[in-house]
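Accompanying notes for the structure given below.
The values are calculated or read from the model by the stated rules, or taken from the named source; none is laboratory data. Just so it is clear, the structure is predicted and the values come from calculations on it, not from any experiment. A quick note on method: Cβ atoms are made from the backbone with ideal geometry, for glycine too, and the neighbour counts reach across all protein chains shown.
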Amino acid sequence: MDIVVCVKRVPLTQEVDLEITPEGREIKKDSLVYVMNDWDNYAVEEAVLLQEKFGGSVTAVTIGDEEDEEVLRRALAMGADRAIRIEPGERQLDSFVVSRILAQVIREIPHDIVLTGVQADDDNCGMVGIMLAEHLHLAHAAVVTGMEPENGEAEIKMELEGGIDEISRIKLPAVLSIQTGINEPRYVSIMGIRKARKKELKVVDLGDLNIPEEDLAPRTVVEEFFLPPETAGAEFIEGDATFVAEKILEIIKEKGGTG
Amino acid sequence: MSIMHPALDSYFGVPGYVFAWLLCVSSVSLFSYIISRRIGPLRMSQRDPRFSQLGERLWGLLLFGIFQKRQPRYPAAGIIHIMIFSGFVVLGLRSIELVAQSLNLPVLDPLMRGPFGAYYGGVKDFFELIVLAACIWAILRRAVVKPERYAGSHASEAYLVLSLIASLMITDILYEGTVVLLKESAPGWLPGAGLAAFMLHASGPSALQTISQTSYWLHLVIFFSFLNVLPLSKHFHIITALPNVFFRKLTKGSIKPASWGVEDLEDLESIGVGKIEDFTWKHTLDFYTCTECGRCSDNCPAYAVGRPLSPKMMTIKLRDQIYGAFPLFKSGKTISQGEDQPLVGTIIGKEEIWSCTTCGACEEECPVFIEYIDKIIDMRRHLIETAESPKTFNQVLMQFEKTGNPFGKPAAKRANWLNETDAGPVKVLQEGDEVDVLYFVDSYGSYDPKVQEIAAAIAKGLQLAGVDFGILGPLERDSGHQVRRMGEEGLFQLLVEENMETLKSIRFKKIITTDPHAFNTLKKDYPTAFQVSHYAPFVQSLMENGRLKPVRKLDREEVYTYHDPCYLGRHNGVYDPPRMILRSLPGVNLVEMARSRDRSFCCGGGDVILWHEIEQENMRMAEKRIQMAREAGAQVIVTACPFCLIHFEDAIKTMGLEQEIRVVDLMVLTLSTL
Amino acid sequence: MGEILVLVEHRNGALRDITHEMLNKADALSRARSHTVTAVVIGGKELSFLDHVTERADEVLLFEDDRLSHFSADLSADILAGLIEERRPFLTLMAHSSWGMNLAPALAVKIGYPLATDAVDILVDQDRPMVIRQVYSGKMFCRVSFQESQGYLITVRSGVFPPHRAGERRGDLIRRDMPAGIPESRTQFVEFVDTAAGEVDIAQAQLLVSVGRGIGEEENVPVMQELADLMGGVLSCSRPVVDKNWLPKFRQVGTSGKSVKPKVYLAFGISGAFQHVAGISGAGTVIAVNKDRKAPIFRAADYGVVDDLFNVAAALKEKLKH
């Protein structure tokens, strides 16, 4: 079984106070540290588990510069057999362009299952995986929390809202976007990552892929970033219990805490 | 009446010494064979440099090996063992004499016939009685008192060997006694022989002769059998203990490198112990040397709270594994089962490995200096490399790597505690700066609000004393103490590299730390010899020099007790400075807990427990320790380690004892009196 | 004049709330720019909600077919692609739900329209729409514009736009046939599974009702479990509760428990110890209820209530039961 998994290197932002650059179209990245996108971690683990069960190979792919090879090494350390980095140069990328580029590369290599994460920790778009499927004309499913391949098909579990899962059968080859929690990604130690240097990591230049220029034009553009309104500690809700309860329920609704 | 020496007497026409020779040669051959099989695993094990500092090693051999310094930590057992051991030392000469005579090569006779012999005769006799008494006492103790720490040990072996030793004493006493009676003389004072003579004085000459010869030959047979029982039982320690003590680990608190002599981890095929041959030869020798006395487990805090770790049982299991993998009567070497089945997960449980807090109580007790911590860390290293470590570690280790602290908080905010607490003016050092004292705050002091208070107190104390100090702030990465002890050696090396680069760029005279863990690792695990100290001895010296004067009386009239943190006390021998500080605080009423100083009971630890809990435990170590503090009558427990503080606070809350006892950090307390 | 197409999301014969929200937003947008609102209903049998939809759209297109008895991204994409080619709507709105995430990106590539997802607001500026969306896990907002196109696709986040708006339109219900020659769906529905029952993973929950020592005793746990159930959330807790064995370990939040990232985290009687707060750093909104105004949890929370947690819990239950 030939599995391809797409990974992305994203900044670690949970504890950080993000700042916007003076032009307003990017965040300040100089003091940020980078990790593999959380969803992709699960996808790589799933790919490796499939390979351990069914044999075959796992290829990890990313689009980025030399620093982005870090996440490929991590995928290799987790068990991927080879990795491909596509060097985009100075290109502006959006989900459409990314998926188009990935399709061009993946088309040329054997692929029974293509895995991506549901979304990326930075842009939270959730588009690349399924767009990629369409470029490749493959069956697809999103927010997958379980899969069992068998005879050219896979029984998959998709997480829906409100605690409901949908079980379906999908034809292979297919593209699946993987949800967190599907497995428990294995730890890779520092030494493990260093040892992964022995595995194949190929670099492909975007220019060599012969993608028509119009397919490389971003379909969406971020015009500006802005911070959510300031809160200094908790905003206290004063009043009797009934009033407070009402307010709480409103907040929950607003913040999407319901299914 | 002259009697024939049994060796010269004839039995069925064959001189006694022929039988003696047969016995001796066959026994020694068997013994040599067994020893050669036992050497096999040692040669398969990994290297371990133990030949440095010969002077210190010899001194240790004398102190701990010959003078048995650790034995009396358990008074009854200690005395028994000293009796038997000293008996063995003294009786060595007697054994040589007896064997030499039996082989008709009486080389010691000239010595023994002279004044030395007379003197020695009495001494040896006396010691034989001592040893016999000790054996009887030991047997009774096992059978009647049944000390808990012997549970799981091979009792039958113990009884067998005690019986064999007792028999050796009895047979020699009887032999000597009969010789005295038959020769009708009593050359000098022979209490043992005298006693036997007294008991047998009514027997006739032929009976005496029989008893004499039977005792004599029985003694030799038992002697040579005993020789071969040794390497087959826990009494192998009789041979291996002194070497084991000689080769002991001289640097308490440090952790061995992944592989001795290998600088670059990348050169190693694998890291850590996955199969039995991955241990070093000294560790293998440790397995041989275990006497199953149980003192380690008896003091192990993990064992005390019901965790699945018993250091003694770990050693016994691993010894059985080695003996099983290299059996005596198969030719060549049998490949250990470790090829397909890793050691941990089969004979040794994973939770067993994670239960250890590296407190060092086991190593402190062991009379033969068996090491545990390095072995456990080596097994953890293998678990980490094979992704068998608890999943809760993944996030924490990633955060250590990326942000230099376990919380994932940005490195840039590492000095923010200066603004969030009332620490006063503190210099944040840059590369190229020069300062007297470098205060290494470490991660908890920098980011955890409770521990930030301690850091602030230390900073204020240093300011009051007029010390020229600074902190590294964003340049500081975690010291790596926890990371190394969790088994992520590669990550530890990375942190060391990063810190070393910073430390090399700053000129300072000494480093002081907030917590004992950072102190321990900077001192023992880092590749350079900085002057490092925990804050307590430094503060104590400031008080001694009058730069800090505790003048204000402590608020309330309370009973205080001091808890020795494992990494300040046991691993580094710093017991007195904190106590000296406490005693100098006006109005303090200090009591000692029953288990204090090197017998202090671990609070739960400053590493694994923070991110992985052992389900099996029936109580938290901290709760047990709080009970001990209360038993000592204390209302305040003073700690010099932030992790101890955190665990004790949690325990007090869970136990609902907020009104009865509270915990306070040493520096915070001290500051309130300045 | 333009058209706003809204794909109605429904499951098991009932409309999902997001549909109301999208129709409301479409309505607001259409008023500003005289667009028409067309609702598209794909599949399902015996749909009782159609009246509700016709009251909120100018036209309702209903595709009914045996092949459409369960949602299929393939078939929906083909149907919508055909519809969009036919009508060239200005905007097409879909839910940013699991189904929507499976459908919208494929549709975007299929018909060559630009797509922006998970919109928390939609603006139109000189005939071009713009989307406001969150990035960096909610820490930042951004305004996204599209490459110029005949039409634009947007998926909409749940719970952002207000749902209830009295139906004022009177749309016609038009039954449509499936386009001819549509390929078979490559995915076949098997069944739904309700995961709320049984052992639960708090790290996956969107709403957590979390309790601390403040609940006082084990007997009060079921009281809070009931609240969690009513709210459609999952019960979790802080360390002391597990230490006392009031709740099992898998419900523990914190450094030695689990890290959680719900959209809303309700902390009842939790003091806010550092080790606990570290476990909720990924939470969207934290609402804390504690008797002590000085409790550290209020530094980590977005909203705070200083009151007896049982008063608040009881009041919440009252509201939810009605």
* Of the numbered conditions (1) within 14 Å of chain A (Cβ to nearest Cβ); (2) assigned to a loop (DSSP other than H, G, I, E, B); (3) at pLDDT 95 or above, B:Ser443 satisfies every one except a single condition; which is it? -> (2)
* Structure fact -> Expected single match for under 17 Å from B:Glu292 (Cα atoms), assigned to a helix (DSSP H, G or I) and among the β-branched types (Val, Ile, Thr) among B:Val144, B:Val180, B:Val161 is B:Val161
* Structure fact -> Among the residues of the stretch C:292-313, the number that are within 7 Å of chain A (Cβ to nearest Cβ) and touching a helix residue (DSSP H, G or I) at 6+ places or on another chain (Cβ under 7 Å) is 6
* Determine whether the stretch B:41-48 contains at least one residue that is in contact with a helix residue (DSSP H, G or I) (Cβ under 9 Å, 6 or more places away or on another chain), at pLDDT below 95, among the hydrophobic types (A, V, I, L, M, F, W, C) and part of a loop (DSSP other than H, G, I, E, B). => no
* Asked: Of (1) modelled with pLDDT of 95 or more; (2) surrounded by 16 or more Cβ atoms within 10 Å (Cβ to Cβ); (3) in a loop (DSSP other than H, G, I, E, B), A:Glu108 satisfies all except one. Which?
  -> (2)
* Tell me, please, whether a residue that is within 8 Å of chain A (Cβ to nearest Cβ) and at pLDDT 85 or above can be found in the stretch C:265-283. => yes
* **Test: residue in the stretch C:255-276 that is small (Gly, Ala, Ser), within 21 Å of C:Asp302 (Cα to Cα), in a helix (DSSP H, G or I) and touching a strand residue (DSSP E or B) at 6+ places or on another chain (Cβ under 8 Å)** => no
* Asked: When you go through B:Arg625, B:Arg595, B:Arg570 one by one, which is the residue that is more than 14 Å from chain C (Cβ to nearest Cβ), surrounded by fewer than 20 Cβ atoms within 10 Å (Cβ to Cβ) and not aliphatic (A, V, I, L, M)?
  -> B:Arg595
* **the stretch A:142-179, residues that are under 25 Å from C:Lys261 (Cβ atoms), of a type in the set (D, E, K, R) and at the interface with another protein chain (Cβ under 7 Å from one of its Cβ atoms)** => A:Glu159, A:Glu161, A:Asp165, A:Glu166
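Would you pick out the residues in the stretch B:523-535 that are out of contact with any Leu (no Cβ under 9 Å at 6 or more places or on another chain) and surrounded by 15 or more Cβ atoms within 10 Å (Cβ to Cβ)?
B:Lys523, B:Lys524, B:Asp525, B:Ser533
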* To do: Please state which one of A:Glu200, A:Glu238 is more than 14 Å from chain B (Cβ to nearest Cβ) and at pLDDT below 95.
  => A:Glu238
* Looking at (1) within 12 Å of another protein chain (Cβ to nearest Cβ); (2) under 17 Å from A:Val144 (Cβ atoms), which is the only condition A:Glu70 fails? -> (2)
* Criterion (at pLDDT 95 or above, within 17 Å of the chain's Cα centre (by Cα) and within 8 Å of another protein chain (Cβ to nearest Cβ)) met by exactly one of A:Ala103, A:Ala133, A:Ala139 -> A:Ala133
* Asked: Any residue at all in the stretch B:227-242 that is hydroxyl-bearing (Ser, Thr, Tyr) and either assigned to a helix (DSSP H, G or I) or farther than 22 Å from B:Pro6 by Cα (or both)?
  -> yes
* **Unique residue being in a helix (DSSP H, G or I) and under 23 Å from B:Val396 (Cβ atoms) when the list is A:Val44, A:Val98** => A:Val44
* Within the bounds of the stretch A:229-250, is there any residue that is surrounded by fewer than 20 Cβ atoms within 10 Å (Cβ to Cβ), touching a Gly at 6+ places or on another chain (Cβ under 9 Å), farther than 29 Å from C:Asp74 by Cβ and touching a residue at least 60 places away in the same chain (Cβ under 8 Å)? -> no
* Structure fact -> Among residues of the stretch C:43-88 being acidic (Asp, Glu) and in a helix (DSSP H, G or I), the residue modelled with the lowest pLDDT is C:Asp51
* Asked: For B:Gly432, which of the numbered conditions (1) part of a loop (DSSP other than H, G, I, E, B); (2) out of contact with any Phe, Trp or Tyr (no Cβ under 8 Å at 6 or more places or on another chain); (3) closer than 22 Å to B:Thr251 by Cα; (4) not aromatic (Phe, Trp, Tyr) fails to hold?
  -> (3)
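Results for (1) at pLDDT below 90; (2) at the interface with another protein chain (Cβ under 7 Å from one of its Cβ atoms), shown as yes or no for each residue.
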position: A:Val204; (1), (2): no, no
position: A:Val221; (1), (2): no, yes
position: A:Glu230; (1), (2): yes, no
position: A:Ala234; (1), (2): yes, yes
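Please go through the stretch C:104-124 and give me each residue that is more than 16 Å from C:Gly284 (Cα to Cα) and facing another protein chain (nearest Cβ under 7 Å), ordered by number. Full working, then the answer.
Looking only at the stretch C:104-124, we keep the residues that are more than 16 Å from C:Gly284 (Cα to Cα), and these are C:104-117, C:119, C:121-124.
Once the filter is applied, which keeps residues that are more than 16 Å from C:Gly284 (Cα to Cα) and facing another protein chain (nearest Cβ under 7 Å), the stretch C:104-124 yields C:Pro105, C:Ala106, C:Ala108, C:Val109, C:Lys110, C:Pro114, C:Leu115, C:Ala116, C:Thr117.
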* Do we find a residue being modelled with pLDDT of 90 or more, surrounded by fewer than 20 Cβ atoms within 10 Å (Cβ to Cβ) and away from chain A (no Cβ under 12 Å) anywhere in the stretch C:191-200? -> no
* **Considering residues of the stretch B:345-359 that are crowded, with 24+ Cβ neighbours inside 10 Å and not hydroxyl-bearing (Ser, Thr, Tyr) only, the residue farthest from B:Cys602 (Cα to Cα)** => B:Ile353
* Look at C:Val209 and say whether it is within 14 Å of chain A (Cβ to nearest Cβ), surrounded by 20 or more Cβ atoms within 10 Å (Cβ to Cβ) and in a strand (DSSP E or B). => yes
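Tell me which residues, restricted to the stretch A:1-44, are more than 30 Å from A:Met147 (Cβ to Cβ), within 14 Å of chain B (Cβ to nearest Cβ) and of a type in the set (Val, Ile, Thr). Quick ask: steps written out before the conclusion?
Going residue by residue through the stretch A:1-44, those that are more than 30 Å from A:Met147 (Cβ to Cβ) are A:15-33.
Checking which are within 14 Å of chain B (Cβ to nearest Cβ) leaves us with A:15-19, A:27-33.
Residues satisfying the conditions are A:Val16, A:Ile27, A:Val33.
Test A:Ala77 against the criterion of being within 14 Å of another protein chain (Cβ to nearest Cβ) and among the hydrophobic types (A, V, I, L, M, F, W, C), and give yes or no. Write out each step before concluding.
Working: within 14 Å of another protein chain (Cβ to nearest Cβ): yes; among the hydrophobic types (A, V, I, L, M, F, W, C): yes.
Yes.
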* Identify, from the list B:Ala196, B:Ala166, B:Ala241, the residue that is modelled with pLDDT of 95 or more and within 21 Å of B:Val123 (Cα to Cα). => B:Ala166
* Restricting the first residue to the stretch C:125-145 and requiring it to be more than 7 Å from chain A (Cβ to nearest Cβ), which pairs with a second residue that is among the aromatic types (Phe, Trp, Tyr) meet a Cβ separation below 7 Å and a spacing of at least six or different chains? -> C:Arg128/C:Phe146; C:Pro129/C:Phe146; C:Pro129/C:Tyr152; C:Ile132/C:Phe141
* To do: Out of the residues in the stretch B:327-368 that are modelled with pLDDT of 90 or more and among the acidic types (Asp, Glu), state the one that is nearest to B:Arg37 (Cα to Cα).
  => B:Glu363
